[in-house]
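Below: the structure, in structure tokens.
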Amino acid sequence: MSATYVGHWPSGRIHVRFRHRDYPGLTLTARLNLYDEQGIRLDNLLSYAAAELREQADTRAYPPASEAIAGVLHV
């Protein structure tokens with residue numbers, strides 16, 4: 001798993017890249033906002049993002065693998 005900040009304030013996001021055993025050969029990327037529409041930092045980003053990513057992984061609530069581009073599936 002890795003995370004990278006992409007963009008510029010306030011529209012920048014954290015891209016979290018990871019693998020899932022049900023999607024062999026693909027890198028899944030979750031794009032998480034750091035700020036709301038007014039540019040205010042979202043509180044507790046790490047706690048809600050971790051819970052959301054775990055729930056999504058447990059339920060396999062991802063787009064179809066056919067939507068991957070160059071081996072990356074945005075979830």
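About its Cα centre, what dipole magnitude does the chain give when the only charges are +1 on Lys and Arg Cβ and -1 on Asp and Glu Cβ, stated in debye to the nearest 20?
Values: 8 positive and 8 negative charges, 62 e Å.
Around 300 debye, computed over the chain.
Over the residues of the chain, compute the C-alpha Rg and express it relative to 2.2 N^0.38 Å. Don't skip to the end; give the middle numbers.
Values: Rg = 13.1 Å, N = 75, 2.2 N^0.38 = 11.3 Å.
Its radius of gyration relative to the 2.2 N^0.38 Å reference: 1.15.
Provide the per-residue ³J(HN,Hα) series for the range 29-37, in order, calculated from phi with Karplus coefficients 6.51, -1.76, 1.60 and θ = phi - 60°, each as a whole number of Hz, with x at glycine and proline positions.
10, 9, 9, 10, 6, 9, 10, 7, 4
If a/c stays under 1.5 just call it rounded; otherwise compare a/b with b/c (prolate if a/b is bigger, oblate if not). Do that for the range 31-75, with a ≥ b ≥ c from the square roots of the Cα gyration tensor eigenvalues.
Working: a/c = 3.55, a/b = 1.65, b/c = 2.15.
Note, shape of the range 31-75 comes out oblate.
Compute the angle between helix 45-59 and the longest alpha-carbon principal axis of the chain, please, reported from 0 to 90 degrees and rounded to the nearest 10.
Once rounded, one gets 20 degrees.
Give the long-range amide H neighbours of Tyr35: residues separated by 5 or more places, or on another chain, with amide H under 5 Å away, using H modelled in the peptide plane at 1.01 Å from N.
Amide H to amide H, under 5 Å and 5 or more residues apart or across chains, Tyr35 pairs with Leu42.
Quick one: net charge of Ala61's neighbours, Cβ under 14 Å, K/R +1, D/E -1? Please report the intermediate quantities before stating the final value.
Working: positive: Arg54, Arg60; negative: Asp22, Glu52, Glu55, Asp58, Glu67.
Counting the neighbours of Ala61, the net charge comes to -3.
Write down the percent of antiparallel bridges among all DSSP beta bridges whose residues are both part of the chain, to the nearest 5.
Numbers: 13 of 16 bridges.
Given both bridge residues lie in the chain, the antiparallel proportion sits at roughly 80 percent.
Readers should treat all values here as calculations from the given coordinates under stated rules, not as data from a laboratory. Because the structure is a prediction, the values reported are computed rather than measured. In this analysis, Cβ positions are derived from the backbone assuming ideal geometry, glycine residues included, and neighbour counts consider all displayed protein chains.
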